[in-house]
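Asks: The following block contains the structure, expressed as structure tokens.
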């Protein structure tokens, strides 16, 4: 048996799904995260039933890609659990009536039932059941209230096979049902609603956005530096370094195997940044430098998602984003890109037109450094002074604006206007938040560790056979004359294709000046996406657009690097 | 004589409310707006608008929706008595 969970976005469908199946899913407050649907299993009496979390949809007359997917899925289901937001029957029942016309058995979960009480909404359940002709079960997905009753009523699902109606008739029918079952008593606005309105007004909204971004930045840095300074550095220096030194003795302190596994010793000691062996830098970079930033970034972005702040940021940024040929919603993938470009480029799917997706994906892979790269920028460039970090970020921001403006006027197609629901502010559920954080941090390690270790291995072997020296000599004129970098930096730029954090780490032993380090960081950030990003770009854009995008990247990186070399 | 109480959502001031009178757009626009509950006959309140022809935020049926300025210009609203002063 196949059970479909269907309903408008932001009605708690995904939370209900995880309640029914016990499977870990990503639960977020903004529309769009469930575009790729989730599948799970549940016990239903003796049998096991398949449960599908269908993308949120307002109507079965599709107005977006996600709604088309939803309509296609409807034809494959045996039973539909229609999740309805009890605090907004007026809009939710439209989809319910459409479902009741289709002839598929339906049971209605009247979710967020607890909110009706404090919002002064009174719903006559018996009357609603009578008018709809299907079971209606009040539920509170976040606490689990009513879930058992809902499951018991799945076999009772029926279809009244309502006659097919035209849109206006259907809206009239919704109005008539709401008039008969719902009584709303007037009440004063809550502080959450006042805050909600303040965050989409130009002045107060701007102040709130700046405060939110500033606090986010401070928290990310505080948590990450705390993890590095108090957990990971002591672990590596006090526990891991002695182990490596003993191993180094066993391998007689040098040779091919020693250099690959432990790396080159600096002053007779393991140096986690410069030794560049599998067990030294190969573990230190992902765990002690990058993981802390990835974790704290996803902690903060998860909070922003689950409180419902992000759609408000989309409204605020809309005017600016239109200058880059995008609309406000594109700020969400862009922010995600500051964590990792891979989910960011996947998230560009929430943008409607091809043109927007091309511009957003290109801008993200050029001008939005991921958390791994940023961690290395903070570590290496920050050592020379805050002003140099500021130059790197300022340059990338300028590139984002200028390149976006150019793309806006040169890429053909159209950018549709913003039209989104602003969900109410909600208090995040800690359990769901920590689950999501765990999934993302684990996902980073599972994805990054094999590539990092592979990259370190390949680099050491190629280095041993002098391959890099050949490439370096070949490209030396461009790199030394145009970018002002030593020819050894070519190795790092080539390795940037595998992992940007590792690549930046390779600049560490080169004794670069602060200026060279700035140029190197910017060029590395812009030049080419890492292999994981490259693969998703290829999949999302197709070969032709990917080639265009890559062309833009390489020329933008060289031009920006050249200009920086001249002006600094 | 044009009805003075009728205006577009884009031209309304923040805090004004009225009844949606007409959606002046093609099938696609009408579909997208009505999916979010913005249909003729609904009570609508403007919450805010962003500067420089930015999006307009409204309240319809106790939920808030942000609408691009161009679309908001195509939504005709019959203003309430108290909103026309």
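Asks: Would you check which residues across segment A:96-117 are within 27 Å of residue A:428 (Cα to Cα) and touching a residue at least 12 places away in the same chain (Cβ under 8 Å) and list them? First the steps, then the outcome.
Replies: So the first thing to find is which residues in segment A:96-117 are within 27 Å of residue A:428 (Cα to Cα), and the list is A:108-117.
Selection gives A:108, A:109, A:110, A:111, A:112, A:113, A:114, A:115, A:116.
Asks: Sticking with this structure for a sec: Of all residues in segment A:329-346, which are surrounded by 23 or more Cβ atoms within 10 Å (Cβ to Cβ) and within 14 Å of another protein chain (Cβ to nearest Cβ)?
Replies: A:329, A:330, A:332
Asks: Quick one: what pairs do we get from segment A:215-240, first residue outside the structural domain of residue A:296 (by TED's automatic domain parsing), second loosely packed, with under 13 Cβ neighbours inside 10 Å, C-beta under 9 Å, 6+ apart or different chains?
Replies: Every condition considered, no pair remains.
Asks: Can you tell me which of A:406, A:471, A:452 is in the same structural domain as residue A:551 (by TED's automatic domain parsing), surrounded by fewer than 18 Cβ atoms within 10 Å (Cβ to Cβ) and over 30 Å from residue B:74 (Cα atoms)?
Replies: Of the residues listed, the single one that is in the same structural domain as residue A:551 (by TED's automatic domain parsing), surrounded by fewer than 18 Cβ atoms within 10 Å (Cβ to Cβ) and over 30 Å from residue B:74 (Cα atoms) is A:471.
Asks: Shifting gears a bit: Which number in (1) surrounded by fewer than 18 Cβ atoms within 10 Å (Cβ to Cβ); (2) under 33 Å from the mean Cα position of the chain (by Cα); (3) farther than 16 Å from residue A:10 by Cβ marks the one condition that residue A:98 misses?
Replies: (1)
Residues checked against (1) in contact with a strand residue (DSSP E or B) (Cβ under 8 Å, 6 or more places away or on another chain); (2) surrounded by fewer than 22 Cβ atoms within 10 Å (Cβ to Cβ); (3) under 15 Å from residue A:416 (Cβ atoms):
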residue	(1), (2), (3)
B:4	no, yes, no
B:13	yes, yes, no
B:17	yes, yes, no
B:34	yes, no, no
B:45	yes, yes, no
B:53	no, yes, no
B:66	yes, no, yes
B:81	no, yes, no
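Asks: Could you check segment B:63-78 and list, in sequence order, the residues that are at the interface with chain A (Cβ under 10 Å from one of its Cβ atoms) and assigned to a strand (DSSP E or B)?
Replies: B:63, B:64, B:65, B:66, B:67
Asks: Helices (runs of 4 or more DSSP H) wholly in segment A:118-200 with at least 1 residues that are more than 13 Å from every other protein chain (Cβ to nearest Cβ) and in contact with a helix residue (DSSP H, G or I) (Cβ under 9 Å, 6 or more places away or on another chain) - which ones?
Replies: Hits in segment A:118-200: A:125-132, A:147-152, A:167-181.
Asks: If I go through segment A:66-87 residue by residue, how many of them are part of a helix (DSSP H, G or I), in contact (Cβ under 8 Å) with a residue 24 or more places away in the chain and within 13 Å of chain B (Cβ to nearest Cβ)? It would help to see each step written out before you state the result.
Replies: Pass one, segment A:66-87, residues part of a helix (DSSP H, G or I): A:66-74, A:86-87.
In the following step, the residues that additionally are in contact (Cβ under 8 Å) with a residue 24 or more places away in the chain were identified as A:66, A:69-70, A:73-74, A:86-87.
From what's left, within 13 Å of chain B (Cβ to nearest Cβ): A:66, A:70, A:86-87.
Selection size over segment A:66-87: 4.
Asks: Of the residues A:316, A:326, which single one is buried (at least 23 other Cβ atoms within 10 Å of the Cβ), touching a residue at least 60 places away in the same chain (Cβ under 8 Å) and assigned to a loop (DSSP other than H, G, I, E, B)? Walk me through it before giving the result.
Replies: Numbers: A:316 fails: assigned to a loop (DSSP other than H, G, I, E, B).
It is A:326.
The values are calculated or read from the model by the stated rules, or taken from the named source; none is laboratory data. Model, not experiment: these values are computed from the prediction. Counting neighbours? That spans all protein chains shown, and the Cβs are built from the backbone with ideal geometry, glycine included.
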